[in-house]
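Here is the structure we will look at, set down as structure tokens.
The values are calculated or read from the model by the stated rules, or taken from the named source; none is laboratory data. Given the structure is predicted, the values throughout are model-derived calculations rather than measurements. Heads up, the Cβs are rebuilt from the backbone with ideal geometry, glycines too, and the neighbour counts pull from every protein chain shown.
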Amino acid sequence: MRIFHTPAEMQQAALTLRRVGRRIGFVPTMGFLHEGHRSLIRLAHQHSNVVVVSLFVNPTQFGPTEDLDRYPRDLAHDEKLCRLEKTGILFCPKAEDIYQPRHSVYVTEESLSRGLCGASRPGHFRGVATVVAKLFNMVQPHVAVFGEKDAQQLRVIRRMVRDLNFPVEIVSGPTVREPDGLAMSSRNANLSPEERRQALCLRRALDRAETLAAGGERSTETLRNAMLEVIRHSPLARVDYVDLVDEETLEPVSRIEKPVLAALAVFVGPTRLIDNTVLKPAEPA
Ligand code: PAF
């Protein structure tokens with residue numbers, strides 16, 4: 001595994017790999033890698049013959065009061081895990097190499113990023129789209145892999161690739177869960193044992209919505225209230241949002257006629273967690 005720290009080294013290596021006909025698979029991450037990331041790296045191997053993983057905690061996607069400083073980091077562990085997953089190149093740049101002084105060009109997605117996390121984290125998707133566009137230029141991937149836990153991010157990236165004509169295929173990987181159902185997230189490391197227990201309310205709320213929808217419930221208001229009711233049983237949980245939106249446009253919907261994304265963000269103690277599921281209209285009995 002080669003390790004690069006500067007964008008210039010990374011881009012040079014990527015251009016050389018392309019010249020000799022290699023197909024580059026890319027997994028962008030913010031590090032503190034877990035089983036979810038490992039599954040994305042494995043997926044990248046299926047679509048390419050050299051995998052690049054980036055580790056970069058991107059400051060522009062964090063708001064001024066958010067957890068940039070608390071974001072967990074463990075470079076030695078990440079390096080070990082990338083070796084185990086046969087990563088070809090590990091790219092770990094410094095913030096000052098990614099953002100030059102007086103950086104003033106950003107990528108803004110203007111529709112899909114308005115609601116859900118975009119509403120509660122102003123500027124977040126501008127930071128994500130900008131860094132992913134920059135990383136695509138550095139890594140020159142043929143294919144890039146993103147997790148479905150970040151459902152809105154995945155859609156914003158697909159839209160950016162479409163609208164700005166990036167020659168990159170986007171592949172998504174399913175959410176990987178702990179045995180009890182909690183979605184894997186680097187932020188889970190910040191939970192106390194009691195918070196970890198109560199964090200299960202996210203998955204339980206989604207389970208409740210899935211059960212009701214499978215039983216024929218189509219009103220998104222009813223489903224949303226049922227999800228909120230589940231979360232109310234966890235005193236350490238504070239809802240940021242619980243929303244049911246069209247799976248493609250991410251616009252709010254009142255009934256499940258087409259696939260609907262049920263997405264939620266919940267603070268458990270100080271840690272903000274997200275999760276989602278897609279609800280389909282129940283087949284008539
Ligand atoms: O999903 C993430 O970890 C980040 O948002 C990403 C895509 C690596 C951009 O910083």
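Hey, can you tell me all the residues within the stretch 53-108 that are in a helix (DSSP H, G or I) and either away from the ligand (no atom under 13 Å from the Cβ) or aromatic (Phe, Trp, Tyr) (or both)?
Leu75, Ala76, His77, Glu79, Lys80, Leu81, Cys82, Arg83, Leu84, Glu96, Asp97
Restricting attention to the stretch 155-177, does a residue exist that is of a type in the set (Ser, Thr, Tyr), within 16 Å of the ligand (Cβ to nearest atom), touching a residue at least 24 places away in the same chain (Cβ under 8 Å) and closer than 30 Å to Ala237 by Cβ?
Taking every residue of the stretch 155-177 in turn, at least one turns out to be of a type in the set (Ser, Thr, Tyr), within 16 Å of the ligand (Cβ to nearest atom), touching a residue at least 24 places away in the same chain (Cβ under 8 Å) and closer than 30 Å to Ala237 by Cβ.
Before we move on, is Val50 over 15 Å from His37 (Cα atoms), among the hydrophobic types (A, V, I, L, M, F, W, C) and surrounded by 19 or more Cβ atoms within 10 Å (Cβ to Cβ)?
For Val50, the condition - over 15 Å from His37 (Cα atoms), among the hydrophobic types (A, V, I, L, M, F, W, C) and surrounded by 19 or more Cβ atoms within 10 Å (Cβ to Cβ) - is met.
Say we look at the stretch 182-234 and pick out the residues that are polar (S, T, N, Q) and in a loop (DSSP other than H, G, I, E, B); which of these is surrounded by the fewest Cβ atoms within 10 Å (Cβ to Cβ)?
Only one residue tops the list, namely Ser192.
Residue by residue through the stretch 135-151, note down the ones that are in a helix (DSSP H, G or I) and within 12 Å of the ligand (Cβ to nearest atom).
Leu135, Phe136, Val139, Ala151
Within the stretch 21-64, which residues are among the polar types (S, T, N, Q) and either closer than 18 Å to Val128 by Cβ or touching a Cys at 6+ places or on another chain (Cβ under 8 Å) (or both)?
Thr29, Ser54, Asn58, Thr60, Gln61
Within 18 Å of Lys134 (Cβ to Cβ), surrounded by fewer than 21 Cβ atoms within 10 Å (Cβ to Cβ), away from the ligand (no atom under 16 Å from the Cβ) and more than 19 Å from the chain's Cα centre (by Cα): does that describe Leu15?
Taking the combined requirement at face value, the residue satisfies it.
Residues checked against (1) within 16 Å of the chain's Cα centre (by Cα); (2) closer than 23 Å to Ser39 by Cα; (3) surrounded by fewer than 17 Cβ atoms within 10 Å (Cβ to Cβ); (4) not aromatic (Phe, Trp, Tyr):
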{"site": "Phe56", "(1), (2), (3), (4)": "yes, yes, no, no"}
{"site": "Asp74", "(1), (2), (3), (4)": "no, yes, yes, yes"}
{"site": "Leu81", "(1), (2), (3), (4)": "no, yes, no, yes"}
{"site": "Ile89", "(1), (2), (3), (4)": "no, yes, no, yes"}
{"site": "Ala95", "(1), (2), (3), (4)": "no, no, yes, yes"}
{"site": "Ile98", "(1), (2), (3), (4)": "no, no, no, yes"}
{"site": "Tyr106", "(1), (2), (3), (4)": "no, no, yes, no"}
{"site": "Gly127", "(1), (2), (3), (4)": "yes, no, no, yes"}
{"site": "Asn137", "(1), (2), (3), (4)": "no, no, yes, yes"}
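List every residue pair whose Cβ atoms lie under 7 Å apart, where the two residues are 6 or more positions apart in sequence or sit on different chains, the first residue falls within the stretch 211-238 and is of a type in the set (Val, Ile, Thr), and the second residue, located anywhere, is assigned to a loop (DSSP other than H, G, I, E, B).
Close Cβ pairs (under 7 Å, with a partner that is assigned to a loop (DSSP other than H, G, I, E, B)) amount to Thr220/Val253; Thr220/Ser254; Thr220/Ile256.
Going through Ala214, Ala183, Ala199, Ala189 one at a time, which residue ends up being under 20 Å from the mean Cα position of the chain (by Cα), more than 16 Å from the ligand (Cβ to nearest atom) and modelled with pLDDT of 95 or more?
Every option except Ala199 fails the conditions.
For residues in the stretch 24-40 being more than 13 Å from the ligand (Cβ to nearest atom) and in contact with a helix residue (DSSP H, G or I) (Cβ under 9 Å, 6 or more places away or on another chain), which is farthest from Val143 (Cα to Cα)?
Filtering first and then ranking leaves Arg38.
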